[in-house]
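In what follows, a single structure is set out as structure tokens and then discussed.
The values are calculated or read from the model by the stated rules, or taken from the named source; none is laboratory data. This one's a predicted model, so the numbers in the text were calculated from it and none came from an experiment. We place every Cβ from the backbone using ideal geometry, glycine too, and count neighbours over all the protein chains shown. Accessible surface is based on the protein model in full, side chains and every heavy atom, while ligands, DNA and RNA are left aside. Shrake-Rupley method; radii C 1.70, N 1.55, O 1.52, S 1.80 Å.
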Amino acid sequence: MSEPMRSMVPFNGTTPDAWRPWRSFVELPYAFGDPPLRAWLRSQPDDFIVDEQLAFGPDGDGEHALLRVRKTSANTEWAARRIAALAGVSVKAVGYAGLKDRHAVTTQWFSVHLGRSPEPRWRLLAEDGLEVLEQSRHRRKLKRGNLAGNRFVIRLRGVEGDLDAAAKRLDMLAAQGAPNYFGAQRFGRNEGNLLRAQALFAGAAPRATRHQRGLWISAARSQLFNEALARRVERGEWLRALVGDRLQLRGSHSHFLVEEVDARIESRLVAGDLSPTGPLFGAGEPLTQDAVQALEQEVASAYPDWIDGLSETGLKQERRPLRLDIESLTLEWTAENDVILRFILPAGGYATAAIRELCTCRERPPQHEGDGPSAGRPALAVEV
């Protein structure tokens, strides 16, 4: 990985594996050893249930309608377009706090800027498979990231493996969390978002909308984070504070530079009050120092086109916790030899990143699935 990435030829839809120097999601190192279980994931949509938790309550008045919507096998953006069409507004007037997996049953919030217009008959969204569970008025547009977290209920089918080891692993995950990797869905089918990002940074990308380009750029930034985290996991340092690190306060985006690792910092790390962070690369000087900065610059040096491209987009240097906190984690065995997992993750956390430490999962996506219930093209998973 020390060699800079080769520039790609103009994108033609397929790229040889030899041109993919990054580690895919399934190749990333485990924190606690090989998973003790094997199973099938997403055999059907209700095997993956996500319930979005807002960071605030509705205002009760204002120019925006705030809707809590349940959808099955439907893309967040597709749902936003259907909501906008019913309300007679531009899709830009519809806000949401995060993207949700398509091959799942998901409950999430949308805002719709109605101004002085009367409330649409939201129940008509049922014709598109969108069930409005709650509605209220709100003063502001719902923006990305305005989440407290997501509650998951996930069914693993045909489970095999070491049950005693699984029980121990569950305890470890509940106590220590998991590496906070970005999930495979961030990178698109066959890592197409990364391939397109590389083409974009090489000046050879296909024509695309601003939103599509944003997905590609975000994927590249996420992959660089995964690479840096993977190195910390391999060194056994993903839960440790190092001199030159930046530690983030739990439940906050605030972080600070570590100039000395003392007993107080170590105790707060063990308690989960603090987490080491990894880089979300962008313009500006590195936020870390010493050995941590050296490790992150080693990652960056292997992807010079990506680093330059991220800086040119105007993105700034940011940080993301290396630890994924997993709350209220429980496991239930069923009579069918399935496992039902229940847990809560903070905003930006991927359920697949938590599950992979417990189970090697094979997925059975549907043969025909598109943006929404009536679409017929193959699925492309998106962010939770």
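A compact table of results
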{"read-out": "Residue order for ILE326, ILE49 - accessible surface, 1.4 angstrom probe, largest first", "value": "ILE49, ILE326"}
{"read-out": "Built amide H within the under 5 Å cut-off of LYS100, gap 5+", "value": "THR76"}
{"read-out": "Accessible area in square angstrom per residue, the chain, 1.4 angstrom probe", "value": "46"}
{"read-out": "Using θ = phi - 60° and Karplus 6.51 cos²θ - 1.76 cosθ + 1.60, couplings along the range 262-277 (whole Hz; Gly, Pro as x)", "value": "10, 4, 5, 5, 4, 5, 5, 5, 4, 6, x, 6, 10, 9, x, 10"}
{"read-out": "Taking only Cα atoms of the chain, radius of gyration then Dmax in Å", "value": "21.3, 60"}
{"read-out": "Spin-label pair ARG250/ILE340, simplified geometry with 7 Å Cα→Cβ offset, distance in nm", "value": "2.7"}
{"read-out": "Placed amide H near PHE182: partners under 5 Å, 5+ positions off or other chain", "value": "ASN226"}
{"read-out": "Whole-Hz ³J(HN,Hα) from phi, Karplus 6.51 cos²θ - 1.76 cosθ + 1.60, for the range 329-336, glycine and proline x", "value": "7, 9, 10, 10, 8, 10, 5, 8"}
{"read-out": "Reach of LYS168 by Cα under 15 Å, taken over aspartates and glutamates that are not fewer than 8 positions away in the same chain", "value": "ASP34, GLU332, GLU357"}
{"read-out": "Whole-Hz ³J(HN,Hα) from phi, Karplus 6.51 cos²θ - 1.76 cosθ + 1.60, for the range 119-127, glycine and proline x", "value": "5, x, 7, 4, 4, 5, 5, 4, 5"}
{"read-out": "Carbon/sulfur fraction of accessible area - the chain, other protein chains in place, 1.4 Å, %", "value": "48"}
{"read-out": "Modelled FRET efficiency - R0 25 Å, ARG23 with TRP333, Cβ distances, 0.05 increments", "value": "0.15"}
{"read-out": "Candidate lysines for bridging to LYS100, where Cα separation is under 20 Å - those fewer than 8 sequence places away on the same chain excluded", "value": "LYS71, LYS92, LYS141, LYS143"}
{"read-out": "Sequence-distant residues sharing a close amide H with SER43 (under 5 Å, placed H)", "value": "ARG364"}
{"read-out": "C-alpha center-to-center spacing [the range 226-267, the range 132-209] in angstrom", "value": "22"}
